[in-house]
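In what follows, a single structure is set out as structure tokens and then discussed.
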Amino acid sequence: MLNALSFDVEDYFQVTAFEHVVDRCRWDTMETRIERNCEKIISILGDYGVKATFFVLGWVAERHPILIRTIFNEGHEIASHGFNHTLVYRQSKEAFKEDIVKTKTILEDITGSRIKGYRAPTFSINNDSLWALDILYDQGYVYDSSIFPSVKHNHCRFNAAHRFPHLIEINHKGKLKEFPLSTLKLLGMNLPIGGGGYLRLLPLKFVERGIKLINKKEHQPAIIYMHPWELDPEQPRIAAGMLSRFRHYVNLKTTESKLRSLIRTFNFTTLSKLGTRLFSET
Ligand SMILES: [Zn+2]
């Protein structure tokens, strides 16, 4: 069973948890850690010959084009994480369209290759912003990986029936591939196990049993995500509220060993390759 591995390429100060304390106009003044952290990921993936999808912020790509080209030249997939991490449901349709077109163009200019995939900042395509899927399709995106099924917290309120990759019909024009992040059905709820803070909080054995259940009992691939800053326990600390700090800093030291163990235990590929395998290419 092939699973998909992905990284959301943003720096430690660009996350939604800190947006109220680090204004976007200050981003250029912050110490950047994105190059060293992405190079660490490339090296780890190289140790096992694994390819992954990197959802890159347009803002990061503009400032680090050589890094993005290096990731691409290593055989990984480059996809879009939007330009500057503005949540989808806070944007107008026009602003969202401009954001995804701009980011796609920046990434295509750097890689010389078509950008097929999109992941919304903090999974912010929810029941209130489903219009985003139509715009993604219209602007040439082939797949989306922005939906956390039935996860209820500040940003993700998508009450999806589908927990697994599926096709979404777009106004009788065609189909967009959707790759929801992995959840486990537990006590009638969907428990996220697919990455980020959940992966840092949960014991590795629990996550591995969850992926085995998804693969062997439900016969479906797991969709896993991480961030470069999650492999950087030494990153500068941001003064923010307790909850934001907990979300961002809990168990950072465990991420690298969890990543290595997951790669050793399961088979991973890019979202694009998984999509081609699951659905006929569109
Ligand atoms: Zn992000």
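The values are calculated or read from the model by the stated rules, or taken from the named source; none is laboratory data. Here the structure is a predicted model, which is why all the values come from computation and not from measurement. Counting neighbours? That spans all protein chains shown, and the Cβs are built from the backbone with ideal geometry, glycine included.
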So which residues in the stretch 68-108 are without any contact (Cβ under 8 Å) to a residue 24 or more places away in the chain and among the β-branched types (Val, Ile, Thr)?
Thr105
Look through Glu178, Glu208, Glu169 and report the one residue that is without any contact (Cβ under 8 Å) to a residue 60 or more places away in the chain, within 23 Å of Leu278 (Cβ to Cβ), in contact with a His (Cβ under 8 Å, 6 or more places away or on another chain) and of a type outside the set (Gly, Ala, Ser).
Glu178
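Can you tell me which residues in the stretch 59-75 are touching a Lys or Arg at 6+ places or on another chain (Cβ under 7 Å) and crowded, with 22+ Cβ neighbours inside 10 Å?
Taking the stretch 59-75 as the starting set, the residues that turn out to be touching a Lys or Arg at 6+ places or on another chain (Cβ under 7 Å) are 75.
Passing the criteria: none in range.
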Within the stretch 8-31, restricting to residues that are at pLDDT below 95, within 12 Å of the ligand (Cβ to nearest atom) and among the aliphatic types (A, V, I, L, M), the one that is nearest to the chain's Cα centre (by Cα) is Val15
When the stretch 117-131 is examined, which residues are found to be of a type outside the set (Ser, Thr, Tyr), more than 13 Å from Gln91 (Cβ to Cβ) and crowded, with 24+ Cβ neighbours inside 10 Å?
Gly117, Arg119, Phe123
